[in-house]
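The values are calculated or read from the model by the stated rules, or taken from the named source; none is laboratory data. Source: prediction; values computed, not measured. Reconstructed Cβ throughout: ideal geometry from the backbone, glycine too, with neighbour counts over all protein chains shown. Calculation scope for accessible area: heavy atoms of the full protein, side chains included, ligands and nucleic acids excluded. Shrake-Rupley method; radii C 1.70, N 1.55, O 1.52, S 1.80 Å.
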Amino acid sequence: MPDTYSHGHHESVLRSHRNRTVDNSAAYLIPHLRAGLDVLDVGCGPGSITVDLATRVAPGRVIGIDAADDAIAAARALGAEGVAFAVGDAYNLDFPDASFDVVHAHQVLQHLTDPVAALREWRRVLKPGGIVAARDGVYSSFAWYPADPVLDRWLALYHQLTDHNAAEADAGVFLPHWAAEAGFDDVVFSASNWAYATPETRQWWGGLWADRALESSFATQTLEYGLTTPGELEEIAAAWRRWAAQPDASFIVVHGEVICRK
């Protein structure tokens with residue numbers, strides 16, 4: 001079946017994606033970056049990580065691709081030098097063999113119906129000795145305080161949505177297995193987190209998820225599939241705002257990550 005992006009590209013989603021940098025979303029890749037490397041950023045979204053990568057490997061070539069026209073338009077609007085953006089297919093890259101030193105993908109494989117096929121294609125465009133760097137969430141390991149059964153329902157509903165879309169919400173723990181299936185025999189696995197526990201980060205994280213619960217593709221798809229109701233989505237949005245308002249609240253977003261060397 002074709003891939004269906006469970007988040008979509010509503011402003012509340014792009015708001016989250018624009019906050020991503022190499023430091024907060026690809027720190028495991030930093031030791032492998034150096035000047036002059038050619039980098040492909042697959043599923044680049046609005047381009048914040050891509051642009052950061054370009055500053056770290058200049059004068060190397062950096063290209064960001066995404067399947068969504070809206071995301072590429074947002075990335076190009078950054079007007080960054082030393083990086084190019086284009087609409088592209090993660091399964092069928094428009095590049096010859098051995099084109100890049102690094103292929104990077106942040107929270108991409110968790111949305112694909114055939115992540116192994118994508119990894120094989122990314123391996124194809126690697127130069128000898130090059131690396132694929134991929135980081136994905138492990139939704140079932142997300143943790144928060146205080147407990148709230150409505151947020152429990154949000155997490156269960158997200159898994160229902162990704163199951164319907166034939167995607168894997170817990171992709172982060174599958175990465176070593178998928179990499180081996182794709183032909184990599186030199187794979188290093190690690191894990192890292194995002195943490196939200198200050199007034200500013202709680203308001204940001206809780207606010208964007210409250211908006212996503214009502215306005216993003218999470219809302220439209222779960223309603224279309226008959227998984228929820230408008231009233232339940234309103235309750236989920238209210239739970240996110242309630243969590244964000246707690247002075248001692250915390251939230252941990254768990255990720256798995258791999259460095260796969262060709």
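Some observations on this one:
- The stretch 214-236: number of residues that are hydrophobic (A, V, I, L, M, F, W, C) and out of contact with any Phe, Trp or Tyr (no Cβ under 9 Å at 6 or more places or on another chain): 4
- Looking across the stretch 125-176 at every residue that is among the hydrophobic types (A, V, I, L, M, F, W, C), in contact with a Gly (Cβ under 9 Å, 6 or more places away or on another chain) and open to solvent by 20 Å² or more (accessible area, probe 1.4 Å), the one that is farthest from F251 (Cα to Cα) is identified as F174.
- Among residues of the stretch 233-262, those that are of a type in the set (A, V, I, L, M, F, W, C) and not in a strand (DSSP E or B), counted: 10
- Among the residues listed as A182, A133, A166, the single one being touching a residue at least 40 places away in the same chain (Cβ under 8 Å) and under 24 Å from Q221 (Cβ atoms): A166
- Here is the figure for the stretch 40-67: residues that are in a loop (DSSP other than H, G, I, E, B) and either among the aromatic types (F, W, Y) or open to solvent by 20 Å² or more (accessible area, probe 1.4 Å) (or both) total 5.
- Subset of the stretch 79-97 (residues that are part of a loop (DSSP other than H, G, I, E, B) and open to solvent by 50 Å² or more (accessible area, probe 1.4 Å)): G79, E81, G82, Y91, D94, P96, D97
- Filter result for G226 (closer than 20 Å to L112 by Cβ, open to solvent by 10 Å² or more (accessible area, probe 1.4 Å) and either free of Cβ contacts under 8 Å to residues at least 60 places away in the same chain or out of contact with any strand residue (DSSP E or B) (no Cβ under 7 Å at 6 or more places or on another chain) (or both)): no
- Those residues of the stretch 209-262 which are in contact with a helix residue (DSSP H, G or I) (Cβ under 8 Å, 6 or more places away or on another chain) and within 30 Å of P128 (Cα to Cα), in sequence order: H255, G256, E257, V258, I259, C260, K262
- Of all residues in the stretch 236-259, none are of a type outside the set (A, V, I, L, M) and over 26 Å from N24 (Cα atoms).
- So A73, is it surrounded by fewer than 21 Cβ atoms within 10 Å (Cβ to Cβ) and part of a helix (DSSP H, G or I): yes
- Search result, residues across the stretch 185-210 that are among the acidic types (D, E) and either without any contact (Cβ under 8 Å) to a residue 60 or more places away in the chain or in contact with a His (Cβ under 8 Å, 6 or more places away or on another chain) (or both): D185, E200
- Residue list for the stretch 24-39, filter: touching a helix residue (DSSP H, G or I) at 6+ places or on another chain (Cβ under 8 Å) and not in a loop (DSSP other than H, G, I, E, B): S25, L29, I30, V39
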